[in-house]
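Taking it in order: structure first as structure tokens, then the write-up.
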Amino acid sequence: MSDRLILLSNDDGYFREEIRALFHRLKDLGRVHIVAPDREKSATSLALTLRHPLRVQKIRPRVHAVDGTPADCIFVALQKILPRPPDLVISGLNPGPNLGQQDVHYSGTVAAAVQGTFLGIPSMAVSMIPRPAGSFDLDFAVRVVRDLAVHILSRGLPKGVTLNVNIPPPPVKGAKITKLGLKFYSPEIIERKDPRGASYYWIGTGNPRRLGDAASDVQAAYRGYISITPLHADRTHYRALKGPALKAVAKAPRLSRAGDL
Ligand SMILES: [Mg+2]
């Protein structure tokens, strides 16, 4: 297995202890590279930098920092840094959950893994749920990621599937394959004045309400299970596609006027 190539990224910065822990603890599974943002890039989703040049800094052998987004990092890594396409992309470990539909859409951690899938590489995003007091069990989470990495390196993943993994602190009851649940945020916009008297705004999220049934990632993870959700990029709403509600929408563009057709 030592000829394997593993790419690590995150949305918190190449310097974070969580990604460094993975770098050291996955070394015997293959050649591990870090290509990650040079600063925190949380909630940047799949943003790509199109209007500015990207700079890459070699920090030390097999560790590179990019002044871009997590998705930029995966692009640059695959095309310019790695000697060949990796066998596995791991994004994380994020110090905080990425659970439910909204988190998954906003998350830069999840996006780096989705970008890996877009480029045809088996990919997973990994996040940690804190203990009630707020701290994380990084050692335990690294062991879980390692076990999953060993499995994926030998068995692969179904084509087009990105794994979104959330790891609660031990003791855990086991691991569950889950669907996305919901966390209901009521985002608060905090208004303050800058030193010149002009208003500025800060998006705060507060504590979300957790919704979703027992099969959801949100409920499973907070009931003490490692949550593993298979994601795909097809955002088509199939029930709406087949149902009658949108038929009228297709008739709304009035193309019968002269010259339309
Ligand atoms: Mg983060």
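Are any residues in the range 27-80 touching a helix residue (DSSP H, G or I) at 6+ places or on another chain (Cβ under 6 Å), closer than 21 Å to Pro95 by Cβ and among the hydroxyl-bearing types (Ser, Thr, Tyr), and if so, which ones? Ser42, Thr44, Ser45 - these are the residues of the range 27-80 that are touching a helix residue (DSSP H, G or I) at 6+ places or on another chain (Cβ under 6 Å), closer than 21 Å to Pro95 by Cβ and among the hydroxyl-bearing types (Ser, Thr, Tyr).
Does Ala36 satisfy the criteria of being within 16 Å of the ligand (Cβ to nearest atom), within 21 Å of Glu17 (Cα to Cα), under 16 Å from the mean Cα position of the chain (by Cα) and open to solvent by less than 40 Å² (accessible area, probe 1.4 Å)? So Ala36 passes the test.
Scan the range 1-24 for residues that are away from the ligand (no atom under 13 Å from the Cβ) and open to solvent by less than 80 Å² (accessible area, probe 1.4 Å) and the total you get is 8.
Scanning the range 139-161 turns up no residue that is closer than 27 Å to Leu211 by Cβ and either surrounded by fewer than 13 Cβ atoms within 10 Å (Cβ to Cβ) or hydroxyl-bearing (Ser, Thr, Tyr) (or both). Of the residues making up the range 177-191, those that are open to solvent by 70 Å² or more (accessible area, probe 1.4 Å) and at pLDDT 95 or above number 2. Taken together, Pro122, Pro95 contain a single residue that is modelled with pLDDT of 95 or more, more than 11 Å from the chain's Cα centre (by Cα) and within 13 Å of the ligand (Cβ to nearest atom), which is Pro95.
When Pro171, Pro195 are screened for being without any contact (Cβ under 8 Å) to a residue 24 or more places away in the chain, open to solvent by 50 Å² or more (accessible area, probe 1.4 Å) and in a loop (DSSP other than H, G, I, E, B), only Pro195 passes.
Looking at the range 103-119, can you tell me whether even one residue there is among the hydrophobic types (A, V, I, L, M, F, W, C), away from the ligand (no atom under 16 Å from the Cβ) and touching a residue at least 12 places away in the same chain (Cβ under 8 Å)? Yes, that holds for at least one residue. Can you say whether His52 is out of contact with any Ser or Thr (no Cβ under 7 Å at 6 or more places or on another chain), under 24 Å from Val144 (Cβ atoms) and away from the ligand (no atom under 14 Å from the Cβ), as far as the supplied structure shows? Here the answer is no, as His52 does not meet what is asked.
The values are calculated or read from the model by the stated rules, or taken from the named source; none is laboratory data. Quick caveat: nothing in here was measured; it's all calculated off a predicted structure. Backbone-built Cβ (ideal geometry, glycine too); neighbour counts: all protein chains shown. For accessibility, only protein heavy atoms count, side chains too; no ligands or nucleic acids. Shrake-Rupley method; radii C 1.70, N 1.55, O 1.52, S 1.80 Å.
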